[in-house]
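One structure is given here, and the rest of the page talks about it.
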Amino acid sequence: MKKKSYWMGVWERFIKNRMAVLGIVILTCLILCAVFAPYIAPYGIDDQNSKTRFIAPCAEFLFGTDNFGRDIFSRVVYGARISLQVGLISVAVSCVIGGVLGAIAAFYGTMADNIIMRALDVLMAIPGMVLAVAIAASLGPSLNNMMIAIGLGHAPGFARIVRASVLSIKEQEYVEASRLIGDSDFVIIMKHIIPNSLAPMIVQATLNVGRSVISAASLSFLGLGIQPPTPEWGAMLSASRAYLRDYWWMTAFPGLAILLTVFSLNLVGDGLRDALDPKLKH
C-alpha cells in the first residue's frame, strides 16, 4: 500500500473540518468576485447619476446607491480586488521580512539573535495598527505605501514564530547529520530549516491576511490608504458614515464584505492550524 504524503494527510484532515471547508467556499467566492469583477458588476465604479441618489436596495441596484448615485454592489465587488490584494501582498512582505530576520536570529544565535530580537521587541511594544498608521502617515496615502506599512507592522510577529520554530529544528539529528557531511549553512537552511518551518508560517500567514484586510480598511477609513474614487471597503465606510442614520445600506454592505472576508480567513486559518497540529496525526 502506498504511503500517504505528509501534505496529503494535512489535506484530508482539513476537509474533514466543516467550518474550514465553509471558509474555503466563502473565500473562493470572494476571490472569483475579485477576478471576474468586470463581468459581475453591472455598473462602473464611478458611474454617477444625480437621479439615482440614495436608492434603497432593489432589483436594479442590489445593494442600493450612494450619495453620488453610484451602484454600491459594483463598488463592493471591485473593492474585493483592493482588499484581497492588500491582504496578500502585505502578508507576503511580513513573511519575507519577518521570516528572514527570525531565521537569521535563531540559526546564528548569540549576537545576531540579541540585536535582531531586541530591535523587534521595540517594535512589538508598539501596537501593529499604531505602527502601520505611523508608517503610512510618513510615506503618504497610496496603495503601495499602505501595503508596506501593514507588512512592516506585522513583520515582528512572523519573526518570533519563525525564530521559535528554527530554534527547535536546528537541534534535530538530521540537521546535525547535514553539518557532518559538509553541507553549507545555505544548503541546511534551504533543505531542512525552511521546509520544516512552513507549517506555523502558513497558519500565521492565513490568519494575518484577515488582520491585514482589517488594517487596510482602518487606514483607508482614516484617510491614509486608498483615495477616492477607487472603491475600497474601509474608504466606502468612511465616506458613508455621515449618512448612516438615514441610508443604512451605504455602510452595511461594505461592512458585511469585510466581515465575511475576515470570517472566512479565520475559519481557514483555524482549520489549517488543526490539520497541521502534529498531535492530530494518526
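Structure notes:
- For mean projected area of the Cα convex hull in nm², calculated from these coordinates, the label among (1) 18.8; (2) 17.6; (3) 16.5: (1)
- Mean-position separation - Cα centroids, the range 26-104 and the range 144-165, in angstrom: 24 Å
- Each part gets one Cα centre, and for the range 194-217 versus the range 254-278 those centres are 10 Å apart.
- The helix-based estimate of mean residue ellipticity at 222 nm for the chain, built from -39,500 (n - 2.57) per DSSP H run of four or more residues and divided by its residue count, is -23500 deg cm²/dmol to the nearest 500.
- Cβ-based charge dipole, the range 19-280, positive-most Cα from PHE61, ALA159, SER83: PHE61
- Cross-link partners of LYS170 among aspartates and glutamates (Cα-Cα below 19 Å; sequence separation of 8 or more within a chain): ASP113, ASP183, ASP185
- Ranked by how many other beta carbons lie within 10 Å on average, peptides 129-142, 181-194, 210-223 from highest: 210-223, 129-142, 181-194
- If you plug the beta carbon distance of PHE263 and ALA56 into 1/(1 + (r/R0)^6) with R0 = 22 Å, you get a FRET efficiency near 0.30.
- Simple point charges give the picture: +1 on the Cβ of Lys and Arg, -1 on the Cβ of Asp and Glu, and for the range 50-154 a dipole about the Cα centre of about 320 debye.
- Using only side-chain charges placed at the Cβ, +1 for Lys and Arg and -1 for Asp and Glu, the dipole size of the chain relative to its Cα centre rounds to 520 debye.
- Kyte-Doolittle mean at least 1.6, axial Cα span of 24 Å or more - DSSP H helices of the chain: 18-35, 72-108
- Positive minus negative residues near ASP185 (Lys, Arg vs Asp, Glu; Cβ under 13 Å): +2
- Among ALA137, PRO231, ILE24 the positive-end extreme of the charge dipole of the chain (Cβ point charges): ILE24
- Longest stretch of the chain clear of exposed loop sites (GluC sites (Glu not before Pro), DSSP loop, at most 14 other Cβ atoms within 10 Å, sites excluded): 172-282.
Any read-out appearing in this document is the output of simple, stated calculations on the displayed coordinates, not a laboratory observation. Keep in mind that what you see is a predicted model, and the values were worked out from it rather than measured. All Cβ positions, even for glycine, are placed from backbone atoms using ideal geometry, and neighbour counts span all protein chains on display.
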